[in-house]
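Down below is the structure, laid out as structure tokens.
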Amino acid sequence: MKFCPECGKPLAHAFIDGRPRKVCPDSLCGYIYWNNPTPVVAGVVEWNGGVILVRSRGWPQRFFGIVAGFLEAGETPEEGILREVAEELGLTGRIVDFLGHYDFPEKNQTIAAFHVRAEGTLVLGHEIAEAKVLPPEQVKPWNAGTGPAVKEFLRRRTKGDAMEKRVVSPGEQLVFALYVRDVETSCRFFQDLGFHVSRRDGPFAELRWEDSLLFVVERHELSPPAQPVGNIRVMVSDVDAVYKKVQELGYAIVTPLEDRYYGLRDFIIKGPDGVDVRFAAPLSTATKEGEAESAPVCGKASTHPTSTPQRSNDPHRKG
Ligand SMILES: [Zn+2]
């Protein structure tokens, strides 16, 4: 960009927010070319047991990449990639997994990549010159662009084939069963803190926090440990409010509320059976308004919609 899209004057160079920018020299105009990256969606599309690679019109004969495209206004990335799959391949897709966000500085793009499974008959859209379907193990990822997304797809595939297929949902896995002297007292304690009792069965109680489980089992013959043996961490959005609540309820604070070097703001209270409870929030959200050291940058691109890079950038490069 050479000229101000607002007033037409030649743009000058300036340093803003620690980066070199092009700015309009007219102080009344004040236009800044932010050069924000353009979001692109990409999909590793599995179809008939293979991965579909496409060659866009105008690409060299040997250039094949995964399906990719720009978002339309008002679309979520998920909607965007499924629309691209329909437009470019004529297939009906569904999202299997989110693969990751990838920076593509060469094209000033940021890529959101998905693993998509598709069904239907392959009908190429007008932007696509050619398509091929490869067995996943024959797909060779590029080093840039959508390449890292393809690598991630292949990595997960190998991992899944090997051993790490999930047996149950994450909340059902690694459930801790806490031995307590009195199941009623423990249920009341955890309920006070905000747990829900989802099952009660004699000496047994099942407690829930969001999708996670905690079992409580009455073993009144056991004596409580002299020292705490561990703590259960609960992540909350407003840790200051929880701190106030547990103090009002009169539970013993083991470690007071404080910002920690590991990026959390947390505190610990004493549990009745040797297992303490720690409430925590990420430091960025736990910081009270007004205490925030750096205000979030907002509306940069939207203040100057004309600064959005033009559609001539081809997102398909280096798939
Ligand atoms: Zn201007």
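The values are calculated or read from the model by the stated rules, or taken from the named source; none is laboratory data. The model shown is predicted, which means the values in this text are computed figures rather than measured ones. No Cβ is skipped: glycine too gets one built from the backbone with ideal geometry, and neighbour counts run over all protein chains shown. Surface accessibility is based on the protein's heavy atoms, side chains included, excluding ligands, DNA and RNA. Shrake-Rupley method; radii C 1.70, N 1.55, O 1.52, S 1.80 Å.
I'm a student and want to see the number: the projected area of the Cα convex hull of segment 170-223, averaged over all directions, in nm².
Details: hull surface 14.7 nm².
Projected over every direction and averaged, the Cα hull of segment 170-223 covers 3.7 nm².
What is the set of long-range amide H partners of Val51 at a cut-off below 5 Å, with H atoms built 1.01 Å from backbone N?
Sorted by chain and number, the residues that satisfy this are Leu134.
Exposed loop sites here are chymotrypsin sites (Phe, Trp or Tyr not before Pro) in DSSP loop states with at most 12 other C-beta atoms within 10 Å. What is the longest stretch of the chain lacking them? Could the numbers behind the result be given before it?
On the way: sites that count: Tyr261, Tyr262.
Longest site-free region, per DSSP loop and neighbour criteria: 1-260.
Could you tell me which of rounded, prolate or oblate describes the chain, using a ≥ b ≥ c as the square roots of the eigenvalues of the alpha-carbon gyration tensor, with rounded for a/c under 1.5 and, failing that, prolate when a/b is larger than b/c and oblate otherwise?
Working: a/c = 3.41, a/b = 1.57, b/c = 2.18.
In terms of gyration-tensor shape, oblate.
Report the extension gain between Arg155 and Glu72 in nm, rounded to one decimal, defined as 0.36 nm multiplied by the number of residues separating them, less their alpha carbon distance. Could you put the intermediate results ahead of the total?
Working: separation 83, 0.36 × 83 = 29.88 nm, distance 3.01 nm.
Separation in residues times 0.36 nm, less the Cα-Cα distance, equals 26.9 nm.
With the contact rule set at Cα under 8 Å and sequence spacing of 6 or more, what percent relative contact order holds for the chain?
Working: 569 pairs, mean separation 50.6, N = 319.
Reported as a whole number, the value is 16 percent.
Per residue, how large is the accessible surface of segment 153-227? Use a 1.4 angstrom probe and give square angstrom. Kindly include the intermediate steps, with their values, before the conclusion.
On the way: 5180 Å² over 75 residues.
For segment 153-227, the solvent-accessible area averages 69 Å² per residue.
Report, in deg cm²/dmol and to the nearest 500, the calculated mean residue ellipticity at 222 nm for the chain, where each DSSP H run with n ≥ 4 adds -39500 (n - 2.57) and the sum is divided by the residue count.
On the way: 6 runs with 59 residues, N = 319.
About -5500 deg cm²/dmol.
At 1.4 Å probe size, with the rest of the protein present, what percent of the exposed accessible area of the chain is carbon and sulfur atoms?
Working: 9830 of 18700 Å².
Answer for the chain is 53 percent, counting heavy atoms of protein chains only.
I need to check one value: relative contact order of segment 38-188, counting alpha carbon pairs closer than 8 Å and at least 6 residues apart, in percent.
That works out to 26 percent.
Amide H of Asn231 versus every other amide H placed in the peptide plane: which residues, excluding those fewer than 5 positions away on the same chain, fall under 5 Å?
Those lying under 5 Å, H to H, from Asn231 are Asp276.
Report for segment 170-255 the percent antiparallel among DSSP-assigned beta bridges with both residues inside it, nearest 5. Kindly include the intermediate steps, with their values, before the conclusion.
Details: 11 of 16 bridges.
In segment 170-255, DSSP labels about 70 percent of beta bridges as antiparallel.
Please list, in order along segment 172-180, the HN-Hα scalar couplings obtained from phi with the Karplus expression 6.51 cos²θ - 1.76 cosθ + 1.60 (θ = phi - 60°), rounded to whole Hz, x for Gly and Pro.
For segment 172-180, the Karplus curve yields 8, 9, 6, 7, 8, 9, 9, 7, 10 Hz.
What accessible area per residue, rounded to a whole number of Å², is obtained for segment 228-286 using a probe radius of 1.4 Å? Working shown, then result.
On the way: 3060 Å² over 59 residues.
Per-residue value: 52 Å².
Let a ≥ b ≥ c be the square roots of the eigenvalues of the Cα gyration tensor of segment 146-273; is it rounded (a/c under 1.5), or, if not, prolate (a/b larger than b/c) or oblate?
Working: a/c = 2.48, a/b = 1.51, b/c = 1.65.
Oblate, because a/c is 1.5 or more while a/b does not exceed b/c.
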